[in-house]
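The values are calculated or read from the model by the stated rules, or taken from the named source; none is laboratory data. All values derive from a computational prediction rather than experimental measurement. For neighbour counting, all protein chains shown are included, and Cβ atoms are generated from backbone atoms with ideal geometry for every residue, glycine included. Ligands, DNA and RNA are stripped out before the accessible areas are found, and what is left, the full protein with its side chains, is counted by its heavy atoms. Shrake-Rupley method; radii C 1.70, N 1.55, O 1.52, S 1.80 Å.
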Amino acid sequence: MNDPFHLVPQRASSMAGAVDHVFFTVLGITGVTALAVTATIIVLCIRFRRGSRAERSPPPTRHRGLELAWTILPLLVFLGIFLWAAKVYSDFFRVPPDAIPIFVVARQWMWQAQHDNGRREIDELHLALGQPVRLLMTSQDVIHSFYVPAFRLKRDVVPGRYQTLWFTPTELGEFYLLCAEYCGTEHARMRGRIIVLSPSEYARWLAASQPAPGMAARGAELYRQYGCSGCHDPPSTVHAPRLAGLYGRQVHLQDGRTVVADEAYLRDSILQPGKEVVAGFASIMPSYQGQIGEDELLQLLAYLQSLKEAQ
Ligand code: CUA
């Protein structure tokens with residue numbers, strides 16, 4: 001485990017370098033400014049102390065050059081920092097297409113992860129060195145926050161919606177996973193470890209579990225179990241939208257809007273089917289709110305996403 005008493009934790013993800021550069025640049029600029037202001041105050045206090053023979057004639061009240069300089073220079077510096085930091089931040093949302101999905105459910109007080117092949121773990125997350133991953137996260141109860149200092153990553157995990165987070169681990173080893181949002185009595189103990197293995201070790205670790213159905217296969221089972229197939233699959237006489245190839249596509253709604261069928265849309269369609277009704281269909285689907293667990297929803301999602309790949 002990395003030493004928690006280092007001033008700056010190890011940099012162990014693809015994001016860490018960029019975040020550190022912004023942080024230390026801002027720290028440097030504000031630090032130098034604070035020192036310069038403090039030094040000026042001290043020098044002026046000494047020079048103009050009572051009884052000193054300093055020159056005290058009235059100062060100039062206007063100096064256009066000076067005023068322009070102290071307005072424009074800081075503006076340029078701050079805009080520069082803003083553009084740079086915005087670029088770093090937007091990279092957090094530019095998920096590479098080869099990122100592998102991992103499904104994370106937070107609850108009081110543990111982190112549950114499910115890998116694509118169905119392997120589950122609690123308070124641990126095994127990853128492969130150099131392999132980009134995309135975490136799809138949600139909470140079963142209150143707001144938690146997924147925080148890995150060594151990766152310079154923190155994202156709130158909110159009940160009722162999906163948050164995604166992508167990164168590439170760049171160092172082998174074990175790293176703290178913390179919850180950074182006060183979520184109840186045991187919040188301080190809601191901790192885990194991220195274990196970064198070499199790709200071959202990771203493959204061995206993934207395969208070492210009891211053979212279990214993968215996420216999509218479990219989703220397919222739920223799809224039948226909850227009766228989704230009864231309406232949404234071809235032999236059905238119910239007028240319901242077909243779901244193959246739906247994920248990631250644009251959907252036209254009854255109220256004239258167009259939305260992208262992402263994870264949030266699919267989730268809402270299952271829990272609040274009346275919210276976004278597809279154009280040309282009646283709002284006849286029952287809500288599954290309260291009947292279906294967060295991990296089951298993620299499995300259903302994995303199944304619907306796999307239908308896209310099959311097309
Ligand atoms: Cu979960 Cu704090």
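Structure data summary
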{"quantity": "In nm, spacing of pseudo-spin labels at Arg191 and Thr71 (7 Å Cα→C-beta vector)", "calculated": "5.2 nm"}
{"quantity": "Listed residues Val158, Val260, Val148, most fluctuating in the chain (Gaussian network, C-alpha, under 10 Å)", "calculated": "Val260"}
{"quantity": "Separation of the Phe78 and Arg120 label points, Cα + 7 Å toward Cβ, nm", "calculated": "5.0 nm"}
{"quantity": "Spatial separation of Cα centroids for region 121-194 and region 257-311, in angstrom", "calculated": "25 Å"}
{"quantity": "Computed E for Thr25/Ala212 - FRET, C-beta separation, R0 41 angstrom, nearest 0.05", "calculated": "0.30"}
{"quantity": "Interchain or long-range residues, amide H under 5 Å from Arg193's placed H", "calculated": "Glu124, Leu125, Leu177"}
{"quantity": "The chain - share of DSSP beta bridges that are antiparallel (%, nearest 5)", "calculated": "70 percent"}
{"quantity": "Under the Karplus curve 6.51 cos²θ - 1.76 cosθ + 1.60, θ = phi - 60°, whole-Hz ³J(HN,Hα) for region 296-307, x wherever Gly or Pro sits", "calculated": "5, 4, 5, 5, 4, 4, 4, 5, 4, 5, 5, 5"}
{"quantity": "Under the Karplus curve 6.51 cos²θ - 1.76 cosθ + 1.60, θ = phi - 60°, whole-Hz ³J(HN,Hα) for region 60-77, x wherever Gly or Pro sits", "calculated": "x, 8, 10, 7, 4, x, 5, 5, 4, 4, 6, 8, 6, 4, x, 4, 5, 4"}
{"quantity": "Nearest 10 degrees, 0 to 90: helix 16-47 Cα axis against the chain principal axis", "calculated": "20 degrees"}
{"quantity": "For Ser139, distant residues with modelled amide H under 5 Å away", "calculated": "Ala106, Val158, Gly160, Arg161"}
{"quantity": "Largest-first ellipsoid semi-axes for the chain, taking √(5λ) over the Cα gyration tensor eigenvalues, angstrom", "calculated": "51, 27, 17"}
{"quantity": "15 Å beta-carbon shell around Ser236, net charge (K/R +1, D/E -1)", "calculated": "+1"}
{"quantity": "Kirkwood hydrodynamic radius over Cα pairs of region 215-310, then Stokes diffusion coefficient at 4 °C and 1.567 mPa s, in µm²/s", "calculated": "96 µm²/s"}
{"quantity": "Of all DSSP beta bridges in region 125-214, antiparallel share, percent nearest 5", "calculated": "75 percent"}
{"quantity": "Solvent accessible area, Å² - Trp84, 1.4 Å probe, full protein context", "calculated": "100 Å²"}
{"quantity": "Net length gained if the chain between Ser283 and His63 were fully extended (0.36 nm per residue, minus Cα distance)", "calculated": "72.3 nm"}
{"quantity": "Alpha-carbon gyration tensor eigenvalues x 5, square-rooted, for region 232-282, Å", "calculated": "17, 13, 11"}
